[in-house]
Amino acid sequence: MTVTHYIGFDVHKKSVSYCVKDAAGTIAEEGKLRATREALRQWAGKRTEPWHGAMEATLFSGWIYDTLKPFAAELQMGHPAMMKAIGASKKKNDRIDARKTADLVRCNLLPACYVAPVEMRELRRMLRYRNLVVAQAVRMKNKMSGLLMEVGAEYNKQQLHGKKYFTELLGSLEEVPESVKELLQLSRGALEMFETTQQQILNQLQKAPRLVQRLEVLKSIRGVGEVTALSWALEICDPHRFPSIGDAVSYCGLTSALVSSRTSSGAGRFPSSGMRICRRC
């Protein structure tokens with residue numbers, strides 16, 4: 001008779017703790033592995049029983065999940081907020097967390113979250129990096145305005161970041177310290193680099209074979225541009241993972257909570273979602 005094992009993983013940057021339990025909840029094995037692909041593959045390759053496993057979604061869970069998945073009968077990611085709510089305890093360490101995760105898998109109580117395909121996660125990483133670059137560009141623009149205000153220089157805010165206007169402005173500044181002019185030039189150079197970087201990322205994403213057709217359909221909707229289309233395609237990924245349009249809209253943060261203190265039950269009402277979704281996955 002084949003015995004199925006249930007394995008809980010507690011993942012960290014340099015180590016992965018694990019706990020193996022049988023269907024009755026008896027611990028069959030537990031220990032700690034180095035967080036390297038070689039160590040994980042060697043450990044998983046030696047397992048003779050089929051196993052179901054799970055780990056909490058964290059910043060570095062993705063590559064561990066991808067490494068172990070081919071060896072598992074089933075491998076899932078747990079929603080971090082919900083797992084903390086379920087397994088809240090004063091006693092907490094790597095071994096205990098691995099045991100709790102194993103029990104959640106064994107009892108089919110794991111608050112599993114959606115894990116996007118590897119290719120989509122790679123593309124999504126690029127989009128999020130582009131968003132970071134844009135945010136840095138905005139900070140740089142604000143800093144340039146701040147430098148000019150500090151020294152009492154007059155300038156046109158709407159035209160400040162135009163190349164021609166900026167060059168003329170630098171040549172016409174009077175009674176402005178040279179250090180400010182140098183910093184403005186450095187800032188302008190950084191802005192141009194940010195613009196080039198983010199445009200290169202957008203161009204590359206729009207040429208991805210897996211996205212081309214979908215982006216064309218999305219951009220055919222009035223008011224939807226390239227960034228909005230990419231954000232929907234890569235953050236939502238598979239729309240069929242949502243049980244309803246309302247859940248998808250709620251995930252995007254486009255609905256507000258409704259709080260009512262005068263309900264028949266006396267409790268507040270909030271929009272609820274049947275999906276367990278984690279943006280880390």
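The values are calculated or read from the model by the stated rules, or taken from the named source; none is laboratory data. The structure displayed is predicted, hence computed values, not measured ones. Cβ coordinates were reconstructed from backbone atoms using ideal geometry, including for glycine residues, and neighbour counts include every protein chain displayed. Surface accessibility is based on the protein's heavy atoms, side chains included, excluding ligands, DNA and RNA. Shrake-Rupley method; radii C 1.70, N 1.55, O 1.52, S 1.80 Å.
Could we say that Leu59 is of a type in the set (A, V, I, L, M, F, W, C), open to solvent by 20 Å² or more (accessible area, probe 1.4 Å), within 24 Å of Glu235 (Cα to Cα) and in a loop (DSSP other than H, G, I, E, B) here?
Values: of a type in the set (A, V, I, L, M, F, W, C): yes; open to solvent by 20 Å² or more (accessible area, probe 1.4 Å): yes; within 24 Å of Glu235 (Cα to Cα): yes; in a loop (DSSP other than H, G, I, E, B): yes.
Considered against the rule, which asks whether it is of a type in the set (A, V, I, L, M, F, W, C), open to solvent by 20 Å² or more (accessible area, probe 1.4 Å), within 24 Å of Glu235 (Cα to Cα) and in a loop (DSSP other than H, G, I, E, B), Leu59 comes out as yes.
Can you tell me how many residues in segment 54-77 are under 14 Å from the mean Cα position of the chain (by Cα), over 17 Å from Ser15 (Cβ atoms) and modelled with pLDDT of 95 or more?
Selection size over segment 54-77: 1.
Check Leu132 against each of (1) open to solvent by 50 Å² or more (accessible area, probe 1.4 Å); (2) in contact with a His (Cβ under 7 Å, 6 or more places away or on another chain) and name the one condition it does not meet.
(2)
Quick check on this structure: which one of Ala137, Ala73 is more than 30 Å from Glu29 (Cβ to Cβ) and either touching a residue at least 40 places away in the same chain (Cβ under 8 Å) or buried (at least 16 other Cβ atoms within 10 Å of the Cβ) (or both)? Step through it out loud before you land on a result.
On the way: Ala73 fails: more than 30 Å from Glu29 (Cβ to Cβ).
It is Ala137.
Only one of Ser265, Ser244 is modelled with pLDDT under 85 and either at negative phi or over 18 Å from the mean Cα position of the chain (by Cα) (or both); which? Talk me through it step by step, then tell me what you get.
Working: Ser244 fails: modelled with pLDDT under 85.
Of Ser265, Ser244, the one residue that is modelled with pLDDT under 85 and either at negative phi or over 18 Å from the mean Cα position of the chain (by Cα) (or both) is Ser265.
Within the set of pairs 6 or more residues apart or between chains, which connect a residue that is closer than 22 Å to Leu127 by Cα inside segment 236-248 to a residue that is open to solvent by 50 Å² or more (accessible area, probe 1.4 Å) and assigned to a helix (DSSP H, G or I) with Cβ atoms less than 8 Å apart?
That search, which allows pairs on different chains as well, returns Ala248/Pro239.
State which residue is surrounded by the fewest Cβ atoms within 10 Å (Cβ to Cβ) when the search covers only segment 14-56 and only residues that are part of a strand (DSSP E or B) and polar (S, T, N, Q). Let's see the steps before the verdict.
As a first pass, look at segment 14-56 and keep what is part of a strand (DSSP E or B): 15-21, 27-34, 51-56.
Now restrict to residues that are polar (S, T, N, Q): 15, 17.
On the way: Ser15: 14, Ser17: 21.
Looking at the filtered set, the residue picked out is Ser15.
Anything in segment 21-70 that is in contact (Cβ under 8 Å) with a residue 60 or more places away in the chain and in contact with a helix residue (DSSP H, G or I) (Cβ under 6 Å, 6 or more places away or on another chain)? List them, or say none.
Passing the criteria: Lys21, Ala57.
Among Ala116, Ala153, Ala98, Ala102, which is in a loop (DSSP other than H, G, I, E, B) and closer than 30 Å to Val20 by Cα? Before you say what the answer is, go through the steps one by one.
Details: Ala153 fails: closer than 30 Å to Val20 by Cα; Ala98 fails: in a loop (DSSP other than H, G, I, E, B); Ala102 fails: in a loop (DSSP other than H, G, I, E, B).
Of the residues listed, the single one that is in a loop (DSSP other than H, G, I, E, B) and closer than 30 Å to Val20 by Cα is Ala116.
Okay, residues lined up against (1) open to solvent by less than 90 Å² (accessible area, probe 1.4 Å); (2) over 26 Å from the mean Cα position of the chain (by Cα); (3) modelled with pLDDT under 95:
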residue: Leu160; (1), (2), (3): yes, yes, yes
residue: Lys163; (1), (2), (3): no, yes, yes
residue: Leu169; (1), (2), (3): yes, yes, yes
residue: Ser172; (1), (2), (3): yes, yes, yes
residue: Pro177; (1), (2), (3): yes, yes, yes
residue: Asn203; (1), (2), (3): yes, no, no
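What's the total number of residues in segment 205-237 that are of a type outside the set (S, T, N, Q) and open to solvent by 60 Å² or more (accessible area, probe 1.4 Å)? Reasoning before the result, please.
Initially, segment 205-237 is screened for residues of a type outside the set (S, T, N, Q), giving 205, 207-212, 214-219, 221-227, 229-230, 232-237.
Then drop every residue that is not open to solvent by 60 Å² or more (accessible area, probe 1.4 Å), which leaves 207, 209-210, 214, 216-217, 219, 221-223, 226, 232.
Qualifying residue count, segment 205-237: 12.
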